1. Taking the 0 to 90 degree range and rounding to the nearest ten, how far is the long axis of helix 199-209 tilted relative to the main principal axis of the chain, both from C-alpha atoms?
2. Leaving out same-chain residues fewer than 8 places away, which aspartates and glutamates sit with a Cα under 16 Å from that of K39?
3. What does the charge count around T156 come to, taking other residues whose C-beta lies under 14 Å from its C-beta (Lys +1, Arg +1, Asp -1, Glu -1)?
4. By the gyration tensor of its Cα atoms, with a ≥ b ≥ c the square roots of the eigenvalues, what is the shape of region 107-193: rounded for a/c under 1.5, prolate for a/b over b/c, or oblate?
5. Please sort by residue number the GluC sites (Glu not before Pro) in region 45-96 whose DSSP state is loop and whose Cβ has at most 10 other Cβ atoms within 10 Å.
6. Show me, for region 82-88, the HN-Hα J-couplings you get by feeding each phi into the Karplus relation (A = 6.51, B = -1.76, C = 1.60, θ = phi - 60°), rounded to Hz, glycine and proline as x.
7. Per-residue ellipticity at 222 nm for the chain, helices alone: DSSP H runs ≥ 4 residues times -39500 (n - 2.57), over residue total, nearest 500 deg cm²/dmol?
8. Can you list residues whose amide H is under 5 Å from K104's amide H, if they're 5+ apart or on another chain and H is modeled 1.01 Å from N?
Amino acid sequence: MAPFILVLYYVALNLLLYDIGSKEPFLLPRRINFNLLNKLIEQAKNPRGKLGSFMLGIMNSAHTEMNKWAFEQMTFRENMKILDIGCGGGRTIQLLSKQSPNGKIYGIDYSQQAVNNSIKANKRDVATGKVHICQANVIDLAFPNNYFDVATAFQTHYFWPDLENGVKEVYRVLKPEGSFSIVAEVYKINYHMDSYNTKEEIEQCLKRIGFNKITIIENKTKKWICIKGIK
Ligand SMILES: C[S@@+](CC[C@H](N)C(=O)[O-])C[C@H]1O[C@@H](n2cnc3c(N)ncnc32)[C@H](O)[C@@H]1O
């Protein structure tokens, strides 16, 4: 019974999320649909409790394909210090750990539920000290200047209340020549962001903060975007 409910829920969630793109609710009556939708969006923004934990599990599977595509746009070495911002359920950290076998991977998320789930998903690497995960807001990172080789932000920047200060903080903790990649589904950027939602605006924002060699790569079929800047 449980797997059946899981599949049903997953289908419903996907339909609802596609729904955001079309702005035309079709699964349930409009009012119920929007209430449910707001609850799900709140949980994606700051996962809490059992429902949050469940959503983090869904995100782990739903985002894997996009993560792998985005990794093809990045450069990894075997001993890098990598920061994953808004690490959610911790799947990205697992994948990053494979990209840098002798590296150190750090995950931060402002949801305690996400931190708990990420630690669980990476328990072996956490036990050996290869992976560190802690609760933090992107605008206030407890890391020294010039610390990371790579920083990633998957499906999270559109939730940051202060994007510009978040990006400034990422710039501070990156080493010179370090790279920062923002990866997201385009329709979520358009849905959640009133500003910085065009390629020009986000590029200008990264430039203002000091990033250079900015590249914007799109997967037109899947409607994914990877915005990358070098410190
Ligand atoms: C949609 S989930 C994406 C999770 C994961 N990166 C993935 O791709 O599956 C967004 C995550 O960003 C986190 N988040 C949102 N705003 C944040 C902020 N200002 N600082 C740190 N984490 C944040 C949320 O708590 C949530 O876990």
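No value in this document is a laboratory result; all are computed from the given coordinates. None of these values were measured; they are calculated from a predicted model. Please note: Cβ atoms are built from the backbone with ideal geometry, for glycine as well, and neighbour counts cover all protein chains shown.
1. Helix 199-209 sits at roughly 40 degrees to that axis.
2. Result set, ordered by chain and number: D19.
3. Here the count lands on -2.
4. oblate
5. Values: sites: E65, E72, E78; in loops: E78.
Qualifying residues, ordered by number: E78.
6. For region 82-88, the Karplus curve yields 10, 10, 10, 8, x, 6, x Hz.
7. Numbers: 10 runs with 114 residues, N = 231.
So the calculated ellipticity at 222 nm is -15000 deg cm²/dmol.
8. For K104, whose amide H was placed from the backbone, the distant partners under 5 Å are M80, K81, I82.
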